[in-house]
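Here is the structure we will look at.
We did not get these values from a lab; they are worked out from the coordinates using the rules stated. Quantities reported herein were computed from a predicted structural model and do not represent experimental measurements. Every residue, glycine among them, receives a Cβ derived from its backbone with ideal geometry; neighbour counts consider all protein chains shown.
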Amino acid sequence: MIPPRLARIVVQTRLEVRIMTHPLLPLVRLFDFEGRSRRREMWSLAWIAAAAVSVSVAWDAHLGRGHAIAGLAGPLTVIVALSLSLPLAAVTVRRLHDVGRPAVALTVALVPVIGWLWLLGWLTARGDRGANRFGADPKGAQRGPAFGH
């Protein structure tokens, strides 16, 4: 029998690995448009990007460059947004692959409102179980003792 104190340490360690691995996984696969990504991977990068852009907008406003209300982006905001656009596109394509859609399905976002909602539905849907034509199931590949599944 495992002592309760040791069991808490093991659970805490597994949680720390899980929390630290998923937000950093998209950074390892920055420009990889092949394969599949879980919802958690995509949304963690989206939150990191939103935070980075928000901080850059605030910093540009603090320095007197750009105007967030008028829609004028400062130089730091432009740099941050451009540097995050390709990794966000890559993880979105991999997320579409996870639900069985090709990268071309991203063009549905060109249709205002309805296309955005349609894309949001795909991005929030559960991925295909098992392998599909885009690769192995990312949930199956990440199961193991370090993730507690």
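Descriptive notes on the structure:
- Theoretical FRET efficiency, 1/(1+(r/R0)^6), r = Cβ-Cβ of THR124 and VAL28, R0 22 Å, to 0.05: 0.40
- Phi angles of segment 94-110 translate, via the Karplus equation with coefficients 6.51, -1.76, 1.60 and θ = phi - 60°, into HN-Hα couplings of 5, 5, 4, 4, 5, 9, x, 9, x, 4, 4, 4, 5, 5, 4, 5, 6 Hz per residue; Gly and Pro are given as x.
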